[in-house]
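**Q** My questions all concern the structure below.
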Amino acid sequence: MKNIYQLLALLLICSPAIAQIRPQSNPATPTLKVNGLDLDYFNPKEYTIADVTLTGAKFLDKDVIITLSKLIKGERIVLPGEATANAIKILWEQGLFDDVQLDIVKIEGDSVYFDIEVAERPRLSTFDLQGLSKSQKTDILEKLNAKSTKTIINDNLYNTTTSTIKKYLLEKGYFFTAVTYKTKVDPNQENHVILEVNVEKGRKVKVHEINFTGNKDFSSAKLRKFLKKTKQQAFYKIFGSGKFYKEKYEEDKKTLIAKMQDKGYRDAVILKDSVYQYSDKAVGIKIDLFEGPKYYFGNLTFAGNAKYGGKDLLRILGLEKGEVFSEEKLERKLRGSPNSDDVSSLYLNDGYLTFNVDPVQTKIYGDTVDVEIRIYEGPQYTNNKITVKGNTITNDKVVLRDVRTKPGDKFSKDQLIRTVREIGMSGNFDESKTVPTPKPNPADGTVDIEYAVEERPSDQIELSGGFGGGNIIGTLGLTFNNFSLKNLFNGNAYKPLPKGDGQKLSLRGQTNGKYYQSYSFSFSEPWLGGKKPISFGVSAFTSLQSNGLKENDPLGLQQRIRLNGVTVSLGRKLNFPDNYFQLSHALSFQQYILNNYEGYKFKTGTAYNISLAQELSRDSRDHSVFPTSGSYFKFTIQATPPYSLLNKLNYATASDKQFYKFTEYHKWKFESQWFHRLAGKFVVKAQAQFGFLGSYNKAVGDPAFERFKLGGDGMQGFDFLQGSELIAMRGYSNSAVIPNGSNVSNAQKSGSPIFTKYMLELRYPVIASQSATAFLVAFAEGGNTWNNFSEYNPFNVRRSAGFGAKIFLPIFGLLGIDYAIPFDKIPGIENGGRQNFTFSIAQQLGGFN
């Protein structure tokens, strides 16, 4: 019986050395070899380790391996015993070897000599991914290389690689991914292999069904609507593919609970959920919920408030006792309102920079929650030092003049946000990367504010070719949006042009040879003198169109028209009714020289147009390229002197030269735009435009110039259009929308005195970065023109609808292409005035476009 117990004990001691789990690829078993030495297993004996050697290791540090085995030279060891078994076990668990053997080389007296014999596993040279797209390979290799710090080919590497690939593809919608491996010897590196990873992605799966359990007050259909990015398949869902994405599903679970809690179910929680295979093409989702009771607000009280009374704060909070309890709504009214009508904004806009608020649920009884809103007001802070960094091109003074947080003023969060907007609207900086950093000084109650900005390319080039009037037209336009006039003669400032003062210089030329030429120049300074927000601008143009014949040409009669003009403008920002308003004045002089040119009220002669324009505008849009909120409106009155009421000319008998020498009119224009963010990233834009051209004297009638042309892309081009005003309308060709009953040729050439246009546009951004902004649009438009007010009907419009895309590139400006379907034909015009495709380039974001 004693011998049996000794045998069992020996088996237990030696079992770790002979029972290791091996990979299927290598069935070798780690062993203890005694080389014929006679060990008495029933009478273990204590020895001193005289030496330990290592064989078979070529790439690993031998001393480290011996140290890991814990067979330390000079220490005592019992043979047979656990120490040898543990040594083999420890080395095997490192995952570095295909085989581990411990050899007792010899025993001399009470000294024992060991040799550890190992077979190293190959190292990973590189991954060879098969079955993936190029972009997927790049993304996965980046993840694998970051995680594969141990490059030994072992089970851990296989498991990590498989997990990484499956997780990545699961987020992309591939639910049934299979991964297999092969190894190939790397001929360039000894003991290295190339790991060939074969990935079978399968197909992207869709969500066939989403089922809920535990819901009582919420219907399953209602709960499915809360899952915005995980949609159940249905034949009527045109825009929802129903594809499953793990990452989006995880986001939706959080949204689901947040929506339930916002409805008063503050205890709502997902008990468990599962995603299961419905078929080889689809999955199903099951979510087990706990709704809990519906809660309501009880008493709402404030503590710690001294600046404002409880009644005032309750009025801003906008919550009442008995209202459905919602932590989200409470948080929004305390410090998260996008319109800054929350309690926090009240304090932060009044200098309380360190203000803090903490809502505490003090009592819950039945279905009622009492909330105490604990306020820490802190001291009022005054703006002190305002600085800017990151402006490598633009001068500090140009950036700082747009800053609304002035030294000496009380700190204001709204003014901080407004400053970020103003800096972005200048066009010289990436608004998304403008970061304000308040640095409070508690000792003296002041705050320093630093604005970190990042320059972006703002100069633009227009280089295009087109076809008009039977000829090829070339256009070259250059716009420098951050020009510096004072450094014009400073050779060191040319990089490649003098920049940094925020001025704008534009040069544009367009020609198709001898038939048409147009050249323009403009310069503007937004801060005249550099101290006050008074803008100054000057512009000039000249354009010529003819039939290419010279005067007294034997080939025929010369027909030509030349326009020359210059405009000087002044404007300033206003603080009333609010500081989004601006008032500007412009004095213009234009000359029209006609020689046998049809389409106007006279064919030959010279006319002058001297006018003064007054423009009142308000712009609160939050972005210059892709606004998501805010509005824009502009009201303009432009008028000439009433020559016919001041001179003694008899217009009934006057010659064309006398009649049209001085153009007289009064012109009224109004435009409004409104932007609002809908669900998600969708933004709606609504726009309305009106224009009216009137006369002082019935005997003179409407002027020959300054009329409105509706239809097409709205771009200035072959039609020498400084003599008229273009309004874009997609779906119709250029100047095609003319009054009913008009002479088609004359109406298209000269334009109309009255127009109305409406537009509704749905926008969705697809790119939003410093280098480019792109968005898709769907639109509906309506507009018309009239010859007099007796015919005017703002609801009688020509209509169109369509879709398109726009992209803003800093060097080219805003480019757009649209496809529109017109619903109303224009009588007398070829193809009914229809023009499906419209291309636009570098149009202004404000104004008539």
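**Q** Among the listed residues LEU334, LEU353, which satisfies the condition of being surrounded by 17 or more Cβ atoms within 10 Å (Cβ to Cβ) and within 13 Å of ASP414 (Cα to Cα)?
**A** LEU353
**Q** Would you confirm, using the coordinates I've provided, whether GLN503 is closer than 30 Å to ASN547 by Cβ, within 36 Å of the chain's Cα centre (by Cα), modelled with pLDDT of 85 or more and buried (at least 18 other Cβ atoms within 10 Å of the Cβ)?
**A** no
**Q** Of the residues that sit in segment 408-452 and are in a loop (DSSP other than H, G, I, E, B) and under 18 Å from ASN579 (Cβ atoms), which one is modelled with the lowest pLDDT?
**A** Within segment 408-452, the match that is modelled with the lowest pLDDT is SER426.
**Q** Also, quick follow-up: For segment 320-340, which positions are assigned to a loop (DSSP other than H, G, I, E, B) and hydrophobic (A, V, I, L, M, F, W, C)?
**A** Selection gives PHE325 alone.
**Q** Specify which of the listed residues (GLY264, GLY240) is outside the structural domain of THR177 (by TED's automatic domain parsing), modelled with pLDDT of 90 or more and outside any helix (DSSP H, G or I).
**A** The match here is GLY264.
**Q** Look through segment 104-132, keep the residues that are within 27 Å of PRO187 (Cα to Cα) and polar (S, T, N, Q), and return whichever of them is surrounded by the fewest Cβ atoms within 10 Å (Cβ to Cβ).
**A** The selected residue is GLN130.
**Q** Let me ask something else about it. Just give me the residues in segment 263-312 being small (Gly, Ala, Ser), within 30 Å of PRO379 (Cα to Cα) and in contact with a Phe, Trp or Tyr (Cβ under 8 Å, 6 or more places away or on another chain), in sequence order.
**A** Listed by number, the residues that qualify are GLY304, GLY310.
**Q** Say whether the condition of being touching a helix residue (DSSP H, G or I) at 6+ places or on another chain (Cβ under 9 Å) and either within 30 Å of ILE270 (Cα to Cα) or without any contact (Cβ under 8 Å) to a residue 12 or more places away in the chain (or both) is met by at least one residue in segment 126-133.
**A** No - not one qualifying residue is present in segment 126-133.
**Q** Residue under question is LYS806, and the condition is that it be basic (Lys, Arg), in contact with a Leu (Cβ under 8 Å, 6 or more places away or on another chain), free of Cβ contacts under 8 Å to residues at least 60 places away in the same chain and crowded, with 16+ Cβ neighbours inside 10 Å; does it hold?
**A** yes
**Q** Residues LEU549, LEU555, LEU544: which one is part of a strand (DSSP E or B) and either loosely packed, with under 15 Cβ neighbours inside 10 Å or more than 35 Å from the chain's Cα centre (by Cα) (or both)?
**A** Exactly one residue qualifies, and that residue is LEU544.
**Q** Determine if segment 164-175 includes at least one residue that is farther than 30 Å from ARG224 by Cβ and not assigned by TED's automatic domain parsing to the domain that holds ILE88.
**A** Looking through segment 164-175, at least one residue is farther than 30 Å from ARG224 by Cβ and not assigned by TED's automatic domain parsing to the domain that holds ILE88.
**Q** Which residue pairs have Cβ atoms closer than 8 Å, lie 6 or more positions apart in sequence or on different chains, and pair a first residue in segment 409-420 that is of a type in the set (Val, Ile, Thr) with a second residue that is in a helix (DSSP H, G or I) and modelled with pLDDT under 95?
**A** VAL420/GLU431
**Q** For segment 249-274, name all the residues that are crowded, with 18+ Cβ neighbours inside 10 Å and over 17 Å from LYS216 (Cα atoms).
**A** TYR249, ASP252
**Q** To continue, here is another question. Please return the ranges of strands (runs of 3 or more DSSP E) entirely within segment 178-236 where 3 or more residues are of a type outside the set (Val, Ile, Thr) and over 23 Å from SER279 (Cα atoms).
**A** By residue number, 178-185, 192-200.
**Q** Can you find even one residue in segment 299-312 that is farther than 25 Å from PRO438 by Cβ and either among the aliphatic types (A, V, I, L, M) or in contact with a Pro (Cβ under 9 Å, 6 or more places away or on another chain) (or both)?
**A** Taking every residue of segment 299-312 in turn, at least one turns out to be farther than 25 Å from PRO438 by Cβ and either among the aliphatic types (A, V, I, L, M) or in contact with a Pro (Cβ under 9 Å, 6 or more places away or on another chain) (or both).
**Q** Among the candidates VAL398, VAL435, single out the residue that is in contact (Cβ under 8 Å) with a residue 24 or more places away in the chain and either closer than 27 Å to LYS333 by Cβ or not hydroxyl-bearing (Ser, Thr, Tyr) (or both).
**A** So the residue among VAL398, VAL435 that is in contact (Cβ under 8 Å) with a residue 24 or more places away in the chain and either closer than 27 Å to LYS333 by Cβ or not hydroxyl-bearing (Ser, Thr, Tyr) (or both) is VAL398.
**Q** While we're on this one: Just checking, does segment 574-581 include any residue being within 29 Å of ASN743 (Cα to Cα), of a type in the set (D, E, K, R) and part of a loop (DSSP other than H, G, I, E, B)?
**A** For segment 574-581, residues within 29 Å of ASN743 (Cα to Cα), of a type in the set (D, E, K, R) and part of a loop (DSSP other than H, G, I, E, B): absent.
**Q** Which one of these does THR161 not meet: (1) at pLDDT below 85; (2) crowded, with 17+ Cβ neighbours inside 10 Å?
**A** (1)
**Q** List every residue pair whose Cβ atoms lie under 6 Å apart, where the two residues are 6 or more positions apart in sequence or sit on different chains, the first residue falls within segment 174-203 and is free of Cβ contacts under 8 Å to residues at least 40 places away in the same chain, and the second residue, located anywhere, is surrounded by fewer than 13 Cβ atoms within 10 Å (Cβ to Cβ) and assigned to a strand (DSSP E or B).
**A** Every condition considered, the pairs that remain are ALA178/GLU200.
**Q** Further question: Select from segment 568-608 the residues that are within 22 Å of ASP702 (Cβ to Cβ) and within 45 Å of the chain's Cα centre (by Cα) and write down the one among them that is surrounded by the most Cβ atoms within 10 Å (Cβ to Cβ).
**A** Per the stated criteria, the residue is GLN590.
**Q** Also: Evaluate the following for SER629: is it under 32 Å from the mean Cα position of the chain (by Cα), surrounded by fewer than 16 Cβ atoms within 10 Å (Cβ to Cβ) and in the same structural domain as PHE692 (by TED's automatic domain parsing)?
**A** So SER629 passes the test.
**Q** Enumerate the pairs (first residue in segment 296-308 and assigned by TED's automatic domain parsing to the domain that holds TYR352 and under 16 Å from SER344 (Cβ atoms); second residue anywhere and surrounded by fewer than 20 Cβ atoms within 10 Å (Cβ to Cβ) and polar (S, T, N, Q)) with beta-carbon separation below 9 Å, excluding pairs fewer than 6 apart on the same chain, so at least 6 apart or on different chains.
**A** That search, which allows pairs on different chains as well, returns LYS307/GLN380.
**Q** Let me ask you something else. Given THR55, THR84, which one is surrounded by fewer than 18 Cβ atoms within 10 Å (Cβ to Cβ) and either out of contact with any Lys or Arg (no Cβ under 9 Å at 6 or more places or on another chain) or not assigned by TED's automatic domain parsing to the domain that holds ASN156 (or both)?
**A** Of THR55, THR84, the one residue that is surrounded by fewer than 18 Cβ atoms within 10 Å (Cβ to Cβ) and either out of contact with any Lys or Arg (no Cβ under 9 Å at 6 or more places or on another chain) or not assigned by TED's automatic domain parsing to the domain that holds ASN156 (or both) is THR55.
The values are calculated or read from the model by the stated rules, or taken from the named source; none is laboratory data. Bear in mind that the values here come from a model prediction, so they are computed numbers and not experimental data. FYI the Cβ positions are ideal-geometry reconstructions off the backbone, even for glycines, and counts take in every protein chain you see.
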